[in-house]
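The structure appears right after this line, and notes come after that.
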Amino acid sequence: MSTLPPTTFDPNKYPREDNEKPAFTAEIFAEKKHNTAATSRESFSAYTASGKRSTEREKALAAIGEWQPLTSRKLAELMQVERCHVTRCIYDLMQAGRVRISHVAKCQVTGKRVQHYCLTGWQPSLFNQ
């Protein structure tokens, strides 16, 4: 079992062409200062390395494209996973610029105000033709 020494995160080490903040990757996760248990860091690195993270992200993108706009709760229901897995997918897709918040409205299940997500280029149809 290896533990990673805490270091200061340097965003310039991971430049992006569009000058936005870098996507959250396993390397960046390992370099950030945090109080996360080593086992959690190892689990996250293994999850990313296994390809499951990108597979779930693509499944989420397909579901959002088909059912947009939808909440994270509805997305989790469609993907048949727990909501915590969906929030990571949504975060990754938003950081990549592929998904955005379409609006905030009352959840039909909880009655609380929640964010609804859609593909970046999606526009609601106002009139049925």
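Using the Cα gyration tensor of region 64-106, with a ≥ b ≥ c the square roots of its eigenvalues, what is the shape: rounded (a/c below 1.5), prolate (a/b larger than b/c) or oblate (neither)? Spell out each step's value before the answer.
On the way: a/c = 1.56, a/b = 1.12, b/c = 1.40.
In terms of gyration-tensor shape, oblate.
What is the calculated FRET efficiency for residue 95 to residue 43, with r their C-beta to C-beta distance and R₀ = 30 Å, to the nearest 0.05? Walk me through the numbers on the way to the answer.
Values: r = 21 Å, r/R0 = 0.69.
Once the sixth-power term is evaluated, E becomes 0.90.
Which residues' amide hydrogens lie under 5 Å from the amide hydrogen of residue 71, considering only partners 5 or more residues apart or on another chain, with H built in the peptide plane?
Amide H neighbours of residue 71: 117.
By per-residue mean of other Cβ atoms within 10 Å, what is the highest-first order of 85-93, 105-113? Don't jump to the answer; show the numbers that get you there.
Numbers: 85-93: 18.9, 105-113: 10.2.
Those peptides, ordered most packed to least, come out 85-93, 105-113.
Note the full-extension length gain between residue 36 and residue 88 as 0.36 nm times their separation in residues minus their Cα-Cα distance, in nm to one decimal.
17.1 nm
Using 1/(1 + (r/R0)^6) with R0 = 22 angstrom and r between the beta carbons of residue 108 and residue 58, what's the FRET efficiency to the nearest 0.05? Each step should come with its number before you reach the end.
On the way: r = 27 Å, r/R0 = 1.21.
That pair, residue 108 with residue 58, gives E of 0.25.
May I ask you to list the residues of region 90-108 whose amide nitrogen lies under 13 Å from a point 7 Å from Cα along the Cα→beta-carbon direction of residue 77?
Answer for region 90-108: 107-108.
Laboratory data are not the source of any read-out in this text; all were calculated from the coordinates shown. Bear in mind the structure is a predicted one, so any value in this text is a computation, not a measurement. FYI the Cβ positions are ideal-geometry reconstructions off the backbone, even for glycines, and counts take in every protein chain you see.
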